[in-house]
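Trainee: Following this message is one structure expressed as C-alpha cells.
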Amino acid sequence: QVQLVESGGGLVQPGGSLRLSCAASGSIFSINTMGWYRQAPGKQRELVASTTSGGVKVYAAYVKGRFTISRDNAKNTVYVQMNNLKPEDTAVYYCKANLRLVDSGPEYQYWGQGTQVTVSS
C-alpha cells in the first residue's frame, strides 16, 4: 500500500517562511512527477509547483520567486520551501505523486492527506 505523508504546515506571520515535506512509502517501483497543490476554503484545488524525476519544475505564477520545490529521489520525498508568505497563501496543501507500482505498469496518482498552512498576524 502506498502512502504519502506530509509535514511542516502551521501558523506563520506574513513575510515568514515554512518548509513542507512529503514522503512516499510503500511498494513503489518508480515515481515520475511529484508536486504540491493547495485548496483554500470555497476554492478549487490548484497547482502550486511540481517536479519530475529528471528535475523539470513547474511553478504557478503566483508563487514564482517565493516558493522553491525540490526533491530527493533516493528518499521518495518532495519539499517546498515557501518564503515571503502572504495571507492569500492560506490553504490546505496537498502532495501528489504519479507513480508506478511495477516495471512498465500503469501510472497511478496518489494524494497525501493535506497539511494546513495559515498565514496571519
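Trainee: Residue check: is residue 116 in a loop (DSSP other than H, G, I, E, B) and either open to solvent by 60 Å² or more (accessible area, probe 1.4 Å) or charged (D, E, K, R) (or both)?
Mentor: On the way: in a loop (DSSP other than H, G, I, E, B): no; either open to solvent by 60 Å² or more (accessible area, probe 1.4 Å) or charged (D, E, K, R) (or both): yes.
Criteria not met by residue 116.
Trainee: Starting from residues that are surrounded by fewer than 20 Cβ atoms within 10 Å (Cβ to Cβ), in contact with a Ser or Thr (Cβ under 9 Å, 6 or more places away or on another chain) and not hydroxyl-bearing (Ser, Thr, Tyr), keep the ones in the range 64-95 and report whichever is nearest to residue 32 (Cα to Cα).
Mentor: My answer is 73.
Trainee: Separate question: Filter the range 49-103 down to residues that are under 29 Å from residue 120 (Cβ atoms) and of a type in the set (Gly, Ala, Ser), then give me how many there are.
Mentor: 7
Trainee: If I ask for residues that are open to solvent by 20 Å² or more (accessible area, probe 1.4 Å), closer than 12 Å to residue 98 by Cα and not hydroxyl-bearing (Ser, Thr, Tyr), which ones from the range 20-30 would you list? Spell out the reasoning first.
Mentor: Let us first name the residues in the range 20-30 that are open to solvent by 20 Å² or more (accessible area, probe 1.4 Å), namely 21, 23, 25-30.
From what is left, the residues that are closer than 12 Å to residue 98 by Cα are 28-30.
Scanning the range 20-30 gives 28, 29.
Trainee: Same structure again: Please go through the range 97-110 and pick out each residue that is surrounded by fewer than 14 Cβ atoms within 10 Å (Cβ to Cβ) and either part of a strand (DSSP E or B) or touching a residue at least 60 places away in the same chain (Cβ under 8 Å) (or both).
Mentor: We begin by selecting, within the range 97-110, every residue surrounded by fewer than 14 Cβ atoms within 10 Å (Cβ to Cβ); these are 102-109.
Answer for the range 97-110, where residues must be surrounded by fewer than 14 Cβ atoms within 10 Å (Cβ to Cβ) and either part of a strand (DSSP E or B) or touching a residue at least 60 places away in the same chain (Cβ under 8 Å) (or both): 102, 103, 105, 107, 108, 109.
Trainee: Select from the range 43-63 the residues that are among the small types (Gly, Ala, Ser) and either on the phi < 0 side of the Ramachandran plot or surrounded by 15 or more Cβ atoms within 10 Å (Cβ to Cβ) (or both) and list them in ascending order.
Mentor: Step one: filter the range 43-63 for residues among the small types (Gly, Ala, Ser), giving 49-50, 53-55, 60-61.
49, 50, 53, 54, 60, 61, listed by residue number.
Trainee: Take residues that are within 14 Å of the chain's Cα centre (by Cα), within 15 Å of residue 109 (Cβ to Cβ) and not charged (D, E, K, R) and tell me which of the strands (runs of 3 or more DSSP E) falling wholly in the range 1-96 contain 1 or more. Write out each step before concluding.
Mentor: Details: elements: 3-7, 10-12, 18-25, 30-39, 46-51, 57-59, 67-72, 77-82.
Fully inside the range 1-96 and qualifying: 3-7, 18-25, 30-39, 46-51, 77-82.
The values are calculated or read from the model by the stated rules, or taken from the named source; none is laboratory data. This is a predicted model, so every value here is computed, not measured. Backbone-built Cβ (ideal geometry, glycine too); neighbour counts: all protein chains shown. We work out accessible area using only protein heavy atoms, side chains counted, and drop any ligands, DNA or RNA first. Shrake-Rupley method; radii C 1.70, N 1.55, O 1.52, S 1.80 Å.
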